1. Could you calculate the FRET efficiency of N103 with E39 from 1/(1 + (r/R0)^6), where r is the beta carbon distance between them and R0 is 25 Å, rounded to 0.05?
2. Any chance you could check the Cα centroid distance between segment 19-61 and segment 82-96 for me, in angstrom?
3. Considering amide H positions built from the backbone, and no H for Pro or chain starts, which residues 5 or more places from D87, or on another chain, come under 5 Å of its amide H?
4. In nm, to one decimal, how far is the E57 label point from the E16 one, both placed 7 Å along Cα→Cβ?
5. Over segment 42-111, one equal point on each Cα, no solvent: what is log10 I(q)/I(0) by the Debye formula at q = 0.11, 0.12, 0.23, 0.28 Å⁻¹?
Amino acid sequence: MANSRARSRCNVMSKEPSSNLESAMQMLIKTFHKYSGKEGDKYTLSRGELRELLTEELGNYLGSAQDKDAVEKVMNDLDSNNDGEVDFTEFIILMGALTVACNDFFLEMPKKDEKPEEAKKE
């Protein structure tokens, strides 16, 4: 029941987002589907599609996305059901983990007006 309510609310995808979070959600969905389905199932990412997405969309965050072993590791870590593909849920897990890692990184950075020693005291 909750899933059908969520789906009916998601019909707003055709509307202009009214907040930054709505824009971010729409961008995640659109980006996933931009790469999914080029090879096989249109609702999943193959290894090649995942490699292309990581390289094109997250190159600044994942500098090693060009590395075949790195993509293979990401794929194996994400592919929780071992079907050789990454579905949208598995993709969102990656995006959530990357967002947490970025947040942690920025929390550890000193503020502009404080010295690195002062940031460690907090």
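1. The pair N103/E39 has a calculated efficiency of 0.15.
2. Here the two parts' Cα centres lie 10 Å apart.
3. L45
4. It is 2.4 nm.
5. Cα-only, vacuum Debye calculation for segment 42-111: -0.28, -0.33, -1.02, -1.35.
Read the figures in this text as sums done on the coordinates, not as results from a lab. Since the structure is predicted, the reported quantities are computational estimates derived from the model, not experimental observations. Neighbour counts run over all protein chains shown; Cβ positions are idealised from the backbone, glycine included.
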